[in-house]
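Notes for the one structure printed next.
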Amino acid sequence: MSDGIPHRWLDEAAFVRLRDSVPAVAEEAVATIVREVPSYSRAFTGAMGAAIRSAVQLALVNFLELARSGNTGSAAEPIAPSTAGAYELGRGEARSGRSMDALLAAYRVGARVSWRGLSHEAVAAGVSAQTLGSFAELVFAYIDALSAASLAGHADELRLLGRARERERERLAVMVVRGAQETALAEVAVRAEWTPPRTLTAVLLPEGQARAVLGSLDGRTLIASTDLPGVAEGQAVLLVPDLAGRDRERLLRQLDGRGAIVGPERPWLQARSSFTRVVRGQSLPRPAGRATLDTDTQLVTLLLNADPEALADLAEQALAPLAGQRPATRARLEETLRAWLLLHGRRELVAEALYVHPQTVRYRMAQLRELFGDRLDDPEEVLRLTLALAGTRPAAPPGATAGAAAAAAAGAAQRPHGAQRAAAAQAAQLSTSLRRKVR
């Protein structure tokens, strides 16, 4: 037998007697299931209960047809309606969010009660002991076939539901980053079986890396890898729920080495701004290797790069007094003015940052005051100059070669009180300077 179900003869008289007992046996089986499998107590009431009783009776009649069948080539035909129904029962359990435990328990109870009722009638019909033993084997083989069909239906439905849920969640992610309306987002969230968190944080990284870390993140994490504005093919965006404090630090460590860009935490309905931030973060200088880029640490650079054309116009206007200088002289004066602004005019620190004598700083500042006049004492002008110079790179010393630049870099790495301290001071002082000047 290809389906594993043995076939036994049941003569016509025994078949009729057993078939006539089916309603009573089915009723007893249903009543016992209700008592012994509590999760089904409500399902067996009203119209639903009547339908289930009819299905149980049909299953028993199909079984009896199998028991009297002598055609081994068409063994599956008598039970085909029952296995099809069992398959749908398994699918229904999956759609209801239940495991197969209750349904399999109901099958076991039903098999026990049905065997007791049918075997009693079989004995009364004069079925021999040998045939009765084969009859018992057939009962439980039949239940195994129904159980297998239900398990297959349950598994298939779970796969379908999982794929459908995944599609809806990816659709939700795309809608979030595109800034869809709240009502539309709420509808898709319900279909995706997704409970909105308090906040979402966007993370941009290669799609393969995104899939690799997804399983270790909050189960509500959304992923989108297609139809994302400003995102290149092969990249994906994660929307990670409720990241703050140590949770964010933990995520940054987990993403290290994966080439990720992490945006700010935002209320979930406003997560588009976090996505926009990581997209803009693609233009920032990347850390060494594939280290994570935390955009929260790059706010000044992001601000200065928000409108490059406006920044260029600002630099042209604010630095207009230097327009007539020779390129080498202008480079030295810009470099000195930048350091002077960021280090609040402390001549010793400016000299150290520029590798020049304090007297050289005094001389250059005298030139700058002659060119800019009272503008260097006007807070608004100082703010404009600070922004203009912060958005430009320091010029290389006139006549410097690549070898000289490398030597200077190596020397700076060995001088903790030299270029390293100056660079750190400039980075730390820029935002402070801007805040003070705005006030």
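The values are calculated or read from the model by the stated rules, or taken from the named source; none is laboratory data. Computed from a prediction, not measured in an experiment: that's the story for all the values here. Cβ atoms come from the backbone with ideal geometry, glycine included; neighbour counts cover every protein chain shown.
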Check: Does any residue in the stretch 198-223 that is under 16 Å from residue 166 (Cβ atoms) come within less than 6 Å, Cβ to Cβ, of a residue that is small (Gly, Ala, Ser) and in a loop (DSSP other than H, G, I, E, B) six or more places away or on a different chain, and which pairs are these?
Finding: 207/225; 207/234
Next item on the list: Within the stretch 107-132, count every residue that is in contact with a Ser or Thr (Cβ under 9 Å, 6 or more places away or on another chain) and in a helix (DSSP H, G or I).
Entry: 12
Item checked: Index of the failed condition, residue 159 passing every other in (1) closer than 30 Å to residue 61 by Cβ; (2) surrounded by fewer than 17 Cβ atoms within 10 Å (Cβ to Cβ) -> (1)
Check: When residue 325 is evaluated against the numbered criteria (1) within 26 Å of residue 229 (Cα to Cα); (2) out of contact with any Asp or Glu (no Cβ under 7 Å at 6 or more places or on another chain); (3) not aliphatic (A, V, I, L, M), which criterion, by number, is the only one it fails?
Finding: (1)
Notebook entry, point to check: In the stretch 265-305, how many residues are touching a strand residue (DSSP E or B) at 6+ places or on another chain (Cβ under 8 Å) and either at positive phi or of a type in the set (A, V, I, L, M, F, W, C) (or both)?
Noted result: 7
Next item on the list: Could you list all residues from the stretch 294-315 that are assigned by TED's automatic domain parsing to the domain that holds residue 380 and modelled with pLDDT of 90 or more?
Entry: none
Next item on the list: Could you check, for the stretch 282-290, whether at least one of its residues is of a type outside the set (D, E, K, R) and either crowded, with 18+ Cβ neighbours inside 10 Å or at pLDDT 95 or above (or both)?
Entry: no
Next item on the list: Among residues belonging to the stretch 221-245 that are assigned to a loop (DSSP other than H, G, I, E, B) and of a type in the set (A, V, I, L, M, F, W, C), point out the one that is farthest from residue 209 (Cα to Cα).
Entry: 244
Note to self: Just to check your reading of the model, which residue among 164, 180 is of a type in the set (A, V, I, L, M), at negative phi and at pLDDT below 90?
What the structure shows: 164
Next item on the list: Restricting attention to the stretch 356-411, report how many residues are at pLDDT 90 or above and at positive phi.
Entry: 1
